[in-house]
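Coordinate-derived values only; no laboratory data. All of these numbers come straight from a predicted model, not from anything done at the bench. Neighbour counts run over all protein chains shown; Cβ positions are idealised from the backbone, glycine included.
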Amino acid sequence: MKKYIASIIKEKLKHLVVDISEEEILYKIEIPSNKKFGDFAFPCFIISKKISVNPNSAALQLEELLINNEEFEKIEVVGGYINFTINKVNFAKKKLADILNPNFKKVINSQKKILIEFPSPNTNKPLHLGHLRNITIGESIARILESVGNEVVRVNLYNDRGIHICKSMLAYQKFGEDKEPDKKSDHFVGDYYVLFGKLAKEDDSYNQKAQEMLVQWENGNPEIISLWEKMNHWAFKGFEQTFAMLGIKYDKYYYESKIYKDGKNIVLDGLKSGIFSKRNDGAVIIDLTNEGLDKKVLLRPDGTTVYMTQDLYLAKLKDEDFNADNSIYIVGNEQDYHFNALFIILKKIGFQKQLMHLSYGMVELPEGRMKSREGTVVDADDFIEMVKQLAKAEIVKRYNNISEDELENKSLTITLAAIKYSLLKTGIFKNMIFNPKEALSFDGDTGSYLLYSYARAFSILGKINAELEKDGEVKEINEFEYELIKQLSNYQDVLKKSADELNPSIIAHYAYDLASAFNEFYHTCPVLKTEQAFVRISLVKAYVNIFKHILSLLGIDVLEKM
Ligand code: ARG
């Protein structure tokens, strides 16, 4: 509407021979805080200066040109402003038709192929709360990008080799007694990583032994390789269960163990062409001091590769595999430096594709609320389980007989909604504190509140009959209906913005605004027994349809009954 007003003002200003850009007009249009001044207001000071009259007479001259527009109920000049009051019935008629159109949800904004890598865990321990934020952000961005027309490829890198893996392996080799996992298998692996930590604290030689194990692994010692395969398999299996629970499917997995050596050739080529250089001790490095970074090692003096070496090759491999226009890495902000350097180096060696590190902040729990296995890291599965227990307690309060299955289902859906929404409503870059009790609250800015609002709307659908809808005309519109229509009609702009900015929190805030508008409407406007049944039923239908889609972009599944 603002844009529309800007366009007609621009058009009419031609008659007054005033030249101001439409953007500038758009920028100046205000939304009056007091409803008596209408829905939008345009200050005429900027034109009065140009035609050397006072603002009020400028406003009056312009107003004369604007009248007779059926979009507005009233156009009025007050104190140098032109106030526009929208013709709400007209607006509602038009927007309602748009919103109810099955094509409304389809927004085509960009048709690129975009590759997203997340969360790329190490295979020595289970996923933690940081991974949960990573996965939630990654999947939401993937869905948002898909919903505006892009093709998205989801990949996951397993960092499945190296000293950290050998640590879990060593502890298992010494104390595992060849046991099979007696719990979720990635947790089982993680327990040995923790055990290693304890052992190494008491006896420093363990670190040395892990290092020796790594050498044996690199030399292909069959016993070590088979231990490694066994334990990695447990880690993968456990991760897969968590991904499945979270609703994530990958198009491809990459394994560090398969690619870590290949980066070496890229480094040696770069050395030949003089992009990289040799340090006195034989390490191959790149000097990034001109770029404001350091000298970065790419091959150690003994010729072994580093984290960066693998990433040089992986970028090329992904490109060969998928030829995407754009490649996004969802990785925590502690690796900002790494990706900064990686992208500079890739550019220097001639890699041209667009790369982006989507760097997110840390998640912490309110202190003392939850003990974790390692003291500092909070396990993702345990965390989900804990929130689920809280959710179950809430559900049981509301239902006195609910089947075990239904309780399981409902509590998981509510839990994931609460967690995902809390993680997404915070801007990606910010560190955040996750408060489980708060996240579950049924009123307030929470995932449970959103689900509740959906279930409410959905329950109305079951009571509709054709008789109620038959008059099919918009005769009047009250402020609650109007507000809901306005919110619903923002959908396409919101979606485009969040896709352009790769920002799920825009969708999350919108979901909340939409739910709030619906709830106000629900409390003030009886849907089924009224003259207005057609309008109200249409609004409920549109809300159910659009809101469900919006929630799915956050990775949230709905419940038809709470
Ligand atoms: N596994 C790494 C970690 O846990 C993250 C890998 C990110 N992806 C990459 N291509 N470097 O820190």
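Translational diffusion of the stretch 327-446 was estimated from the Stokes-Einstein equation, with Rh taken as the Kirkwood radius over Cα pairs; at 25 °C and 0.890 mPa s the coefficient is 144 µm²/s.
Between the amide H of His128 and those of Ala380, distances stay under 5 Å, these residues lying 5 or more places away or on another chain, with hydrogens modeled in the peptide plane. If you wrap the stretch 395-514 in the convex hull of its Cα atoms and look at it from every side, the mean projected area works out to 10.6 nm². Counting only Cβ charges, +1 for Lys and Arg and -1 for Asp and Glu, the dipole size of the stretch 94-205 around its Cα centre is about 820 debye.
Near Lys486: Cβ cut-off under 13 Å, other residues only, Lys/Arg at +1 and Asp/Glu at -1. The net charge is -4.
On a 0 to 90 degree scale, rounded to 10, what angle separates helix 222-246 from the longest Cα axis of the chain? In the chain, helix 222-246 runs at an angle near 10 degrees to the longest axis. Using only Cα positions of the stretch 443-562, each an equal point scatterer, no hydration layer, compute I(q)/I(0) via Debye at q = 0.11 Å⁻¹ and quote the log10 values to two decimals. Values, matching the q order: -0.36. Calculated mean residue ellipticity at 222 nm for the chain: -17500 deg cm²/dmol, from DSSP H runs with n ≥ 4 weighted as -39500 (n - 2.57), summed, divided by the residue count and rounded to 500. Here the spin labels are modelled as points 7 Å beyond Cα on the Cα-Cβ line, and at Glu146 and Glu479 they lie 4.1 nm apart. The Rg/Rh ratio for the stretch 470-531, using Cα coordinates for both the radius of gyration and the Kirkwood hydrodynamic radius, is 1.10. Considering only Ile428, Asn68, Ile556, the residue lying farthest towards the positive end of the dipole of the chain is Asn68, judged by Cα position with unit charges set on Cβ. The percentage of C-alpha pairs in the stretch 105-197 whose separation is greater than 15 Å is 67%. Cα extents for the stretch 158-214 along the principal axes, largest to smallest and rounded to whole angstrom: 29, 26, 17.
Against the chain, whose longest principal axis comes from its Cα atoms, helix 129-147 is set at around 50 degrees.
Close amide-amide hydrogen proximity is noted between Gly332 and Tyr360, each under 5 Å apart and 5 or more residues distant or on a separate chain (H modeled in the peptide plane; Pro and chain starts excluded). Near Tyr255, the amide H atoms lying under 5 Å from its own belong to Tyr158; only residues 5 or more places off or on other chains count, and H is placed 1.01 Å from N.
Please report, in debye to the nearest 20, how large the charge dipole of the stretch 12-58 is about its Cα centre when each Lys and Arg carries +1 at its beta carbon and each Asp and Glu carries -1 there. Let's see the in-between values first.
Working: 7 positive and 6 negative charges, 48 e Å.
Once rounded to the nearest 20, the dipole reads 240 debye.
The translational diffusion coefficient of the stretch 34-74, from Stokes-Einstein at 10 °C and 1.306 mPa s with a Kirkwood hydrodynamic radius over alpha carbon pairs, comes to 141 µm²/s. The charge dipole of the stretch 1-149, taken about the Cα centre with unit charges on the Cβ atoms of Lys, Arg (+1) and Asp, Glu (-1), comes to about 500 debye, rounded to the nearest 20. Across all Cα atoms of the chain, the radius of gyration (one decimal) and Dmax (whole number) stand at 29.5, 93 Å. Report the label-to-label distance for Ser205 and Asp251 in nanometres (one decimal), using points 7 Å from each Cα along the Cα→Cβ vector. The modelled label-to-label distance comes out at 5.1 nm.
Given the pairs Lys463/Lys548; Lys12/Lys541; Lys167/Lys237; Lys237/Lys348, which span a C-alpha to C-alpha distance of over 27 angstrom in this model? Could the numbers behind the result be given before it?
Details: Lys463/Lys548 19 Å; Lys12/Lys541 39 Å; Lys167/Lys237 19 Å; Lys237/Lys348 39 Å.
Check vs 27 Å cut-off fails for Lys12/Lys541; Lys237/Lys348.
Here the Kirkwood formula puts the hydrodynamic radius of the stretch 26-141 at 19.0 Å, using every distinct Cα pair. Positive-end ranking of Leu268, Ser257, Pro301 along the dipole of the stretch 257-304, with charges on Cβ about the Cα centre, is headed by Ser257. Computed from Cα positions, the angle between helix 88-100 and the longest principal axis of the chain comes to roughly 40 degrees. Taken over the alpha carbons of the stretch 131-270 as equal point scatterers, the Debye sum produces base-10 log I(q)/I(0) values at 0.11 Å⁻¹ of -0.53.
Positive end of the dipole of the stretch 61-170, charges at C-beta (+1 Lys, Arg; -1 Asp, Glu), about the Cα centre: which of His128, Met169, Asn109 has its Cα farthest in that direction? Checking the options against the dipole of the stretch 61-170, the answer is Met169. Taken over the C-alpha atoms, the stretch 194-260 has Rg and Dmax values of 15.5, 43 angstrom. Over the C-alpha trace of the stretch 517-562, radius of gyration and Dmax come out as 12.2, 38 angstrom.
Here each label is just a point 7 Å from Cα along the line to Cβ, and for Leu26 and Asp321 those points are 4.0 nm apart. A straight chain from Lys183 to Asn54 at 0.36 nm per residue would run longer than the Cα-Cα distance by 38.5 nm. Sorting 296-302, 137-143 by average packing, meaning the other beta carbons within 10 Å per residue, from highest down gives 137-143, 296-302. Rounded to the nearest whole Hz, the Karplus-based 3J(HN,Hα) values (6.51 cos²θ - 1.76 cosθ + 1.60, θ = phi - 60°) of the stretch 157-173 follow the sequence 9, 9, 7, 10, 9, x, 5, 5, 5, 4, 5, 4, 4, 5, 4, 5, 4, with x at glycine and proline.
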